[in-house]
Amino acid sequence: GLVVPLIFLGVSAFLLNVVLARRIHLQREAIATLKAFGYGGGEVAWHYLKFALGISIAGGLVGAVLGSWLAAGLCELYAQFYRFPTFVFRPSPKVMGLGIVVSIASGAMGAWWAVVRVMRLQPAEAMRPAAPPRFHRRSIDAIWRTLRLSPPVVMILRRMGRRPGTTGLSILGIALSGAVLLVSNFAVDAVEEMIDFQFSTAQRQDLQVTFERASASSSVHEMRNIDGVIKLEPFRAVPVRLRHAALDRRLSILGIGGAEPSGQERELYRLLDSNGRSIRLPPNGLVLSDKLAQLLRVMPGQEVMVEVLEGRRQRLPVEVVGLVTEYTGTNAYMDRDALSRLLREDRWINGAFLKVDDLKRKQVYDAIDRIPRTAGVMIREASLDAIRDTIRENQAKMQTFNLFFACVIALGVVYNLARITMAEQRRELATLRVIGFTRTEVSLMFLGELMLLTLAAIPIGWMIGTGLCYATVKGFESELYRIPLVISRRNLSIAAAVTAIASLVSGLIVRRSLDRLDLVEVLKDQG
């Protein structure tokens with residue numbers, strides 16, 4: 001809601017500036033004539049400023065209508081996801097008006113820098129054609145000679161070097177389209193990483209069975225003996241309030257592990273460090289998620305006050321002995337036997353994690369359903385399918401919009417740049433045709449500049465996109481979930497490919513006008 005609009009407003013301001021600057025350059029004599037007849041610089045400037053304001057107002061109105069349509073679709077998406085009985089979008093005139101005002105302000109800012117030239121232009125100076133730029137040999141020319149670059153490549157590089165401001169802004173505009181794509185696909189990669197970490201690496205149980213109330217550990221024997229249960233790990237969940245200094249959080253301490261009849265290591269509910277390595281719970285002390293430790297401002301070796309919110313409601317100081325990496329929730333863990341000793345209770349349990357045989361899942365589900373004290377069963381496969389289905393639907397829509405937005409940025413920047421380049425180089429390109437260069441050779445020189453700009457923009461777009469992804473990670477970080485920063489090669493390749501294709505298509509559209517050049521007329525008009 002903030003990054004993408006800012007990118008679009010910045011690109012639109014840049015394009016308006018480029019278009020108006022070119023229009024003013026071509027109409028120097030008309031501007032001089034108006035000033036000679038008594039029109040002031042402000043009056044002439046207002047004429048050009050109205051052009052930009054008209055575009056901005058029209059764009060703002062169209063944006064308000066399309067934005068309302070997209071908002072209505074987003075409300076429908078939320079209603080389906082959260083199962084709201086009704087969730088209707090109501091357009092806000094205040095928000096729509098603000099959007100139009102911001103669009104107008106952006107257009108005015110982009111046009112202002114071009115319009116200032118009109119106000120400063122003197123009639124006598126404007127009557128004369130613009131002075132040609134002065135060129136001289138520079139140290140970089142020696143580098144080009146050393147590299148033995150072909151003359152067309154040297155011509156392209158020299159032209160780009162003569163306009164560092166326009167070249168830099170053009171590269172930035174194209175780079176922003178790649179950055180938008182990178183951010184769009186980053187969300188998919190990040191969520192897949194979260195799902196893989198949560199359901200494949202850390203929590204590998206097929207079922208999580210929860211009892212109505214804490215029971216003796218012997219109550220799991222019935223489930224352990226169900227045909228099809230491969231492994232079972234009981235857990236104890238104790239509601240507490242953790243305090244450290246003036247900070248506190250309400251949550252449940254999850255007691256896992258402990259001495260098991262099978263004598264095996266804990267395999268289903270694993271705790272991992274920042275490098276993805278499994279952590280073994282110590283015999284005493286608390287292990288906190290990294291986010292919870294950050295919220296409580298506590299480090300390993302420090303104590304927190306544990307206020308138990310059930311039973312005898314003890315207040316007990318406990319040392320924090322380690323941190324784990326998690327992307328969901330704020331959790332605290334203890335060895336189940338250590339938790340029982342701390343609370344001075346028998347080895348009670350609140351449920352169990354189960355690994356079951358794929359071929360006997362139906363029988364296991366039915367057997368657990370018949371156990372009277374069972375309060376609920378969470379099926380990993382069903383949860384995973386529901387999450388993935390929701391994410392696919394949401395991300396498919398958002399990716400479609402972001403892909404469209406990114407292509408619009410790339411097409412807009414490259415198309416306008418190509419049009420201006422064509423207008424400025426008509427004489428040079430026509431001259432090359434007359435002295436014997438083929439259409440293909442001339443086209444390659446024309447498109448070469450656009451492709452070099454795109455190649456320079458792609459890595460810059462990667463860097464900007466990575467920065468935006470990092471900002472997204474920090475912006476979405478909360479107690480409920482955290483997003484990992486995952487930039488895959490596939491994502492980088494897609495961003496680069498779409499940017500390059502959009503730029504090439506824009507260049508080819510403008511390149512068609514080369515075939516329609518009347519060489520004689522071009523040389524006569526600009527001779």
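The values are calculated or read from the model by the stated rules, or taken from the named source; none is laboratory data. Since we're looking at a predicted model, the values are computed, not measured. So basically every Cβ, Gly included, is an ideal-geometry build from the backbone, and we count neighbours across all protein chains shown. Heads up: the accessible areas ignore ligands, DNA and RNA and are worked out on the full protein's heavy atoms, side chains in. Shrake-Rupley method; radii C 1.70, N 1.55, O 1.52, S 1.80 Å.
How far, in nm, would the chain grow between VAL153 and ALA108 when pulled straight, counting 0.36 nm per residue and subtracting the alpha carbon separation?
On the way: separation 45, 0.36 × 45 = 16.20 nm, distance 3.69 nm.
Difference between extended and current length: 12.5 nm.
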- request: Provide the solvent-accessible area of TYR39, counting protein heavy atoms only and rolling a 1.4 Å probe, rounded to the nearest 10 Å².
  value: 120 Å²
query: For GLY351, which sequence-distant residues (separation of 5 or more, or a different chain) have an amide H within less than 5 Å of its own amide H, given hydrogens modelled in the peptide plane?
result: PHE211, PHE235
- prompt: Of the cross-linked pairs LYS231/LYS360; LYS94/LYS474; LYS231/LYS362, which ones have a Cα-Cα span greater than 20 Å in the structure shown?
  reply: LYS94/LYS474
task: Consider a paramagnetic label point 7 Å from the Cα of SER252 along Cα→Cβ; state which residues of segment 339-361 have an amide N under 20 Å from it.
output: 339-355
statement: Under the 7 Å Cα-to-Cβ spin-label approximation, GLU428 and CYS75 lie apart by a distance in nanometres of 5.4 nm
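Magnitude of the Cβ-charge dipole of the chain, K/R +1 and D/E -1, about the Cα centre, nearest 20 debye?
Here the chain has a charge dipole of around 2000 debye.
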message: Check which residues have an amide H placed less than 5 Å from VAL298's amide H, if you skip close sequence neighbours.
response: none
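For segment 233-329, what % of the accessible area comes from carbon and sulfur atoms, probe 1.4 Å? Write out the running numbers ahead of the final one.
Numbers: 2270 of 4810 Å².
The C+S portion of the solvent-accessible surface of segment 233-329 is 47 percent.
Counting only helical runs of four or more DSSP H residues, what would the 222 nm mean residue ellipticity of the chain come to if each run contributes -39,500 (n - 2.57) and the total is spread over all its residues? It would help to have the intermediate numbers written out before the result.
Numbers: 16 runs with 317 residues, N = 527.
It lands at -20500 deg cm²/dmol.
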query: Pulled fully out, how much extra length does the chain show between SER383 and GLU479, if you take 0.36 nm times their separation in residues and subtract their Cα-Cα distance?
result: 32.5 nm
message: Accessible area per residue for the chain in Å², computed with a 1.4 Å probe and the full protein assembly in place, what is it?
response: 55 Å²
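Hey, can you list the DSSP H helices of the chain whose Cα span along the axis is 18 Å or longer and whose average Kyte-Doolittle score is at least 1.6? Intermediate values should be presented prior to the final figure.
On the way: long enough: 3-26 (35 Å, 1.81); 41-82 (58 Å, 0.97); 93-120 (40 Å, 1.12); 164-196 (46 Å, 1.11); 380-434 (72 Å, 0.07); 439-476 (52 Å, 1.13); 489-515 (39 Å, 0.78).
TM-like helix candidates: 3-26.
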- prompt: Along the principal axes of its C-alpha atoms, what lengths does segment 211-342 span, in descending order and rounded to whole Å?
  reply: 50, 39, 24
field: Among (1) 33.1, 102; (2) 43.8, 130; (3) 24.9, 81, the entry that matches Rg and Dmax of the Cα atoms in Å as calculated here
entry: (1)
Sequence-distant residues sharing a close amide H with ILE253 (under 5 Å, placed H): VAL238, VAL240
